[in-house]
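First comes the structure, then the notes that go with it.
The values are calculated or read from the model by the stated rules, or taken from the named source; none is laboratory data. Predicted model only: the values in this text are computed from it and were never measured. Here the Cβ positions follow ideal geometry from the backbone for every residue, glycine too, while neighbour counts run over all protein chains shown. The accessibility values were calculated without ligands, DNA or RNA, using every heavy atom of the protein model including side chains. Shrake-Rupley method; radii C 1.70, N 1.55, O 1.52, S 1.80 Å.
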Amino acid sequence: MLDELLLEVEEKMEKTIESTKTHFSHVRAGRANVSMLDGITVDYYGQMSPLNQVGTVSAPEARLLVVDPWDKSLIPTIEKAILAANIGFNPSNDGRIIRLVVPELTEDRRKEYVKLVKKEAEEGRVAARNVRKDYNNKVRKMEKDSEITEDELKSAEEKIQKLTDKCITAIDELFAKKEKELLSI
């Protein structure tokens, strides 16, 4: 029973780390990355579809993204969706593909991105602490209901704290890596 609970805590902490990693990947670091276009949806015959489901998205060069729609009649719709997403790209097309040049990052823009990443990292830490709080409350209730002993409660709380510390350390390492990446280009 308690082991299952601790496995749940570990899974939730892993999901928190993965979520933070995903948020970090959306912050660009001066080089083209197809994940920059994640979240952009296109009106595909009345159905809103993710951009990567209406064409191929690639990064052939360090500062260039290319969208190759399977249905060429969608090019104007895709361009509008990219402009509406307001992510700083000015799409251009040749009738077959859409090119997006990734602009060079200014020093001020880099600092803004670092602030954004710092905020995302803090949200990840808060999520980890919330998981800790929820599961500590569950084990305290189990102890109160005489399902586990006081010693088992203390042991479980210590294990939950270790998992929380491990998660926060991982998020801090991800943040440090992303910050270095943003400032050293």
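Of the cross-linked pairs LYS133/LYS180; LYS144/LYS166; LYS159/LYS180; LYS21/LYS166; LYS138/LYS178; LYS21/LYS133, which ones have a Cα-Cα span greater than 26 Å in the structure shown? Mind dumping the intermediate values first?
Details: LYS133/LYS180 32 Å; LYS144/LYS166 28 Å; LYS159/LYS180 32 Å; LYS21/LYS166 15 Å; LYS138/LYS178 35 Å; LYS21/LYS133 22 Å.
Checking Cα-Cα distances, LYS133/LYS180; LYS144/LYS166; LYS159/LYS180; LYS138/LYS178 exceed 26 Å.
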Counting only residues 5 or more apart in sequence or on a different chain, those whose built amide H sits under 5 Å from that of GLY55 are TRP70
Expressed as a whole-number percentage, the relative contact order of segment 69-185 with C-alpha contacts under 8 angstrom and at least six residues apart is 23
Out of ASN130, ASN86, ASN52, a Gaussian network model of the chain with alpha-carbon springs under 10 Å gives the largest mean-square fluctuation to ASN86
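Filter the chymotrypsin sites (Phe, Trp or Tyr not before Pro) in segment 55-154 down to the DSSP loop ones having no more than 16 other Cβ atoms within 10 Å, then list what survives.
On the way: sites: TRP70, PHE89, TYR113, TYR135; in loops: TRP70, PHE89.
The qualifying sites are TRP70.
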Gyration tensor on Cα atoms of segment 126-169, a ≥ b ≥ c root eigenvalues, a/c under 1.5 rounded, else prolate if a/b beats b/c, else oblate, says oblate
Classified through the alpha carbon gyration tensor (a ≥ b ≥ c as square roots of its eigenvalues; rounded if a/c is under 1.5, else prolate when a/b is larger than b/c, else oblate), segment 4-108 comes out oblate
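Considering only protein heavy atoms, what per residue accessible area in square angstrom results for the chain with a 1.4 angstrom probe?
Numbers: 11190 Å² over 185 residues.
Here the per-residue accessible area is 60 Å².
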Output for segment 94-185: trypsin sites (Lys or Arg not before Pro) sitting in coil per DSSP, at most 14 other Cβ within 10 Å, listed by number, reads ARG96
Checking segment 81-132 for GluC sites (Glu not before Pro) in a loop per DSSP with at most 14 other beta-carbon atoms within 10 Å yields GLU104
Labelled set (1) 118; (2) 153; (3) 137; volume of the Cα convex hull per residue in Å³ computed from this model equals the value at (3)
